[in-house]
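J.: Supplied in structure tokens, the structure appears directly below.
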Amino acid sequence: MNEEAYNVALKTTLEEIKNVCQDIRWAFILTKNGAIYAEDDQANNAATEKAANSLQTLVEKASAVGGLDNLLIDGKDGNICVSCIDDMYLVTATSKNADIAYLRNITGVIFPTVLKLLDNIVAGPTPLKPEPSHPKEKVKVPELDSEETPEEPVSAPSVPSVPSQQLIVDKFSGLMVKADTVQVDQDVLDRWAALLNGKDIGEVVIESFAGKTVQCKVKKIGDSKLEGRGLIRIPEKACQSLEVRKGELVRVKPVISED
Amino acid sequence: MPKRKVQEVEFAEEIDAPRVEAGNPAPDMRSRLEHVKSRDGVIGYILRASTSASVDVKDPSKIIDYAILSAAALESGESLSRGFSLGKVNSILLEGKDAKILSMTVGEQKISVFMEKSVNHSLIYKDLK
């Protein structure tokens, strides 16, 4: 069965669910690799695409609670219900009075059944599942990263799987302050270097509570009075980019250059 | 633990229950959240206002992940609500395999409560609304 047949099968399922649950105003399916399945009038709709992008972002962040299984947004004039079924997310927008439990029961039965049928019909791997990315060319693995993260994709920006560090923001400014350089404890730099077989850490990626990230050069804290306190001294401009203030926590990871 | 001024991080005495504060959180909502946190199965909360933030999470290693998820949930909720004309968002409930999060906006305060999946989130919603 090809992609088109899948498309038709899933669209038909959506239509049938909408027939059963009259309260559904809008429905589409989002696969984990970003494909959208929806009725024709909704498939290329900007709202559908925007919703899909928004959900994909949320799915990434939801790893903190073990992934996104269910999502219910209770709005003044309606609800949005997202259910994870196998490798897909069923997204439905309903009227305010929709029976969400009933809707979940229906979709929880119909969709797995349809997907199982489709999987049984298909010979070979399901086209909806993301194909494993095997680099065609032999990629150059950074030497220092090879022992720690043998499976790290090398073509991506070189942020290895070194444990990130939570540090407390200390804002600083002045005429001689380099706006692109942050300062952390020498201990932290040493720990990262040890994990990377002695590699010098030249840059770090800083991520704030709000998900803002900034890449900066890094050096050890110059003021000995501030050492050993778990601080990261960030220039004022970088603080503005990260939308953080003094005293807030940020997550910091070293960046390993590919050479 | 060193004492710090307002707008700096101050860790609570229990090592396994850090509290991060910045600014001046609304006392009423804070006390309601403290009550919520005393319920069985509640993992912690994040309260963000325009000029203040308060975080109380049992597992310190998850503070930032939870904070990022909280911000993402509220932002996605608003975005999806706008896209599908749902009006003002009352609440957002996100369930994962390990835990669930209830997020809502009360006035200018954005709240997220993290809890085990067995917790009755409706009661928590009532406590906070």
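J.: Residue by residue through the stretch B:108-129, note down the ones that are touching a residue at least 60 places away in the same chain (Cβ under 8 Å) and part of a loop (DSSP other than H, G, I, E, B).
T.: Correct list: B:116, B:118, B:119.
J.: Got a number for residues in the stretch A:82-99 being more than 15 Å from residue A:18 (Cβ to Cβ), among the β-branched types (Val, Ile, Thr) and buried (at least 20 other Cβ atoms within 10 Å of the Cβ)?
T.: Residues in the stretch A:82-99 being more than 15 Å from residue A:18 (Cβ to Cβ), among the β-branched types (Val, Ile, Thr) and buried (at least 20 other Cβ atoms within 10 Å of the Cβ): 1 in total.
J.: Would you point out the residue of the stretch A:42-75, among those that are among the polar types (S, T, N, Q) and more than 7 Å from chain B (Cβ to nearest Cβ), that is surrounded by the fewest Cβ atoms within 10 Å (Cβ to Cβ)?
T.: Per the criteria, the residue is A:44.
J.: Here's a follow-up. Please enumerate the residues belonging to the stretch B:43-94 that are more than 8 Å from every other protein chain (Cβ to nearest Cβ), among the small types (Gly, Ala, Ser) and buried (at least 21 other Cβ atoms within 10 Å of the Cβ).
T.: B:44, B:54, B:70
J.: Given the structure, is residue A:218 closer than 30 Å to residue B:75 by Cβ and away from chain B (no Cβ under 14 Å)?
T.: yes
J.: Does residue A:244 satisfy being part of a loop (DSSP other than H, G, I, E, B), touching a Ser or Thr at 6+ places or on another chain (Cβ under 6 Å) and of a type outside the set (Asp, Glu)?
T.: So residue A:244 passes the test.
J.: Now for a separate question. Can you name every one of the strands (runs of 3 or more DSSP E) wholly within the stretch A:1-96 that holds 1 or more residues which are among the charged types (D, E, K, R) and either free of Cβ contacts under 8 Å to residues at least 24 places away in the same chain or more than 30 Å from residue A:207 (Cβ to Cβ) (or both)?
T.: Strands (runs of 3 or more DSSP E) meeting the threshold: A:24-31, A:70-75.
J.: Over 17 Å from residue A:15 (Cβ atoms) and at pLDDT below 80, is that true of residue A:120?
T.: So residue A:120 fits the description; yes.
J.: Would you check if there is a residue in the stretch B:68-79 being in contact with a helix residue (DSSP H, G or I) (Cβ under 9 Å, 6 or more places away or on another chain) and part of a loop (DSSP other than H, G, I, E, B)?
T.: No, the stretch B:68-79 contains no residue that is in contact with a helix residue (DSSP H, G or I) (Cβ under 9 Å, 6 or more places away or on another chain) and part of a loop (DSSP other than H, G, I, E, B).
J.: Restricting attention to the stretch B:118-128, does a residue exist that is within 7 Å of another protein chain (Cβ to nearest Cβ) and surrounded by 20 or more Cβ atoms within 10 Å (Cβ to Cβ)?
T.: Within the stretch B:118-128, not a single residue is within 7 Å of another protein chain (Cβ to nearest Cβ) and surrounded by 20 or more Cβ atoms within 10 Å (Cβ to Cβ).
J.: Being under 14 Å from residue B:112 (Cα atoms) and either in contact with a Cys (Cβ under 8 Å, 6 or more places away or on another chain) or among the small types (Gly, Ala, Ser) (or both) is the filter here, so list the residues in the stretch B:45-72 that pass it.
T.: B:49, B:53, B:54, B:67, B:70, B:71, B:72, listed by residue number.
The values are calculated or read from the model by the stated rules, or taken from the named source; none is laboratory data. Everything numeric in this text was worked out from a predicted model, so none of it was measured. Ideal geometry is used to build each Cβ from the backbone, glycine not excepted, and the neighbour counts take in all protein chains shown.
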